[in-house]
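Each remark here refers to the structure printed beneath this line.
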Amino acid sequence: MTHLPFIAASYALGVLVPLVFGVLALTRMGTARRKLAAIDPRAQRKARAA
Amino acid sequence: MDASAAAAPQARPARSLHRFANPGRFLRLSGAVLPWVGALGLAITVIGLVWGLVYAPADWQQGDAVRIMYIHVPAAWLASAGYVGLAICSVLSLVWRHPLADLAAVEIGPVGAGFTALCLATGSLWGKPMWGAWWVWDARLTSVLVLFFLYMGHIALVRAFDEPERGYRAGAILALIGAVDLPIIKFSVEWWNTLHQPDSITLTGAPTMALTMLWPLFVCAIGYTLLFVTIVLARTRAAVMERRIRGLLMAQASREAA
């Protein structure tokens, strides 16, 4: 394969950029969901009812 | 004609628009859609990347370096499409005071900047073996760099005020002014004599690219678009929940103070 280092670097970036954004977004969403469940009276009422 | 009947068609679009402005409804809808869009985006992107890297043919002139296209072109498309999304959110925010539009705009900014940076970086990695230079001050490259700075400006501006509403408003105005860069990016290769090649895919003409290259490019573009949507939805969901957490904590603090 010609120009392999350039292709490898491009594909590495092409995988890393969405991966990093995706992992950060999911982590942030999970943290927010847990915090909200801990303090939200509606979530607490639902949990008690379940 | 009855006055109420005449008013009804005007009232309906406003109701339908604001139906989606309800944060609770947004959380329910996005929560149902997010896993499917994410899984589909991931699967399609992997298929597209493997197809482009392994099975698509090399170019007779550029050799295997043409495979960078399967990253570079979707990133370029999403850099512009993300900014269109930012501009639409800005209009919704400024005209209709749509409460979710501000949060969505704030969350689109960093993702759009990331994909614009990816477009510029892969463009450099493609340019060095083909043009012999990492960077040239070509109209297409420069206008995309300006887009990157517009994203960065938006990110900085919406966070620069103590009152978030003022930041959202300033960011929305900047996003709308910056939208003028989008047609410049699109037509730069026609208006100026650029080193960057003209568009291979247009809405009006036949593509100037072999179908064996066009199909994996199309698959990669769909996959990356779905991933972009997934990331923005997940970030916006987190932002909605964080705003509710702040509201609850402030209400609790004011109750304790009283």
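What follows is calculated from the coordinates using simple rules that are stated; it is not laboratory data. These figures come from a predicted structure and were not determined experimentally. As a convention, Cβ positions derive from the backbone with ideal geometry for all residues, glycine included, and neighbour counts pool all protein chains shown.
Assorted remarks:
- Shielding score for B:214-223, defined as the mean number of other chain Cβ atoms within 10 Å: 0
- Exposed loop sites here are chymotrypsin sites (Phe, Trp or Tyr not before Pro) assigned a DSSP state other than H, G, I, E or B and surrounded by at most 16 other beta carbons within 10 Å; excluding them, the longest clear run of chain B is B:61-133.
- Estimated 222 nm signal from helices in chain B, with DSSP H stretches of n ≥ 4 weighted -39500 (n - 2.57), rounded to 500: -27500 deg cm²/dmol
- Shielding by partners, peptide B:228-236 (average Cβ within 10 angstrom, other chains): 4
- Listed residues B:Ile245, B:Thr202, B:Ala234: farthest to the positive end of the dipole of segment B:187-258 (Cβ charges): B:Ile245
- 10 Å Cβ neighbours from other chains, averaged over peptide B:23-35: 1
- Cα gyration tensor, the protein assembly as shown - rounded (a/c under 1.5), prolate or oblate: prolate
- Dipole in debye (nearest 20) - chain B, about Cα centre, beta carbon charges: Lys, Arg +1; Asp, Glu -1: 840 debye
- Dipole size of the protein assembly as shown about its Cα centre, with +1 on Lys/Arg Cβ and -1 on Asp/Glu Cβ: approximately 1700 debye, rounded to the nearest 20.
- Ranked by how many other Cβ atoms sit within 10 Å of their own Cβ, fewest first, the residues B:Thr194, B:Thr202 fall in the order B:Thr202, B:Thr194.
- Exposed loop sites here mean trypsin sites (Lys or Arg not before Pro) with a DSSP loop assignment and at most 16 other beta-carbon atoms within 10 Å; chain B contains its longest site-free run at B:160-258.
- The Cα atoms of segment B:165-258 give a gyration tensor whose axes a ≥ b ≥ c have a/c of 1.5 or more with a/b no greater than b/c, which makes the shape oblate.
- Cα-based helix-to-principal-axis angle, B:23-50 vs chain B, degrees rounded to 10: 10 degrees
- Angle between chain B longest axis and helix B:181-191 axis [Cα atoms, degrees, rounded to 10]: 20 degrees
- Top positive-direction residue, dipole computed over the protein assembly as shown with Cβ charges, set B:Phe115, A:Gly30, B:Leu176: A:Gly30
- Degrees, to the nearest 10: B:99-131 long Cα axis against longest axis of chain B: 10 degrees
- Classified by the C-alpha gyration tensor, chain B has a prolate form. Its axis ratio a/c, with a ≥ b ≥ c, is 1.5 or above, and a/b is larger than b/c.
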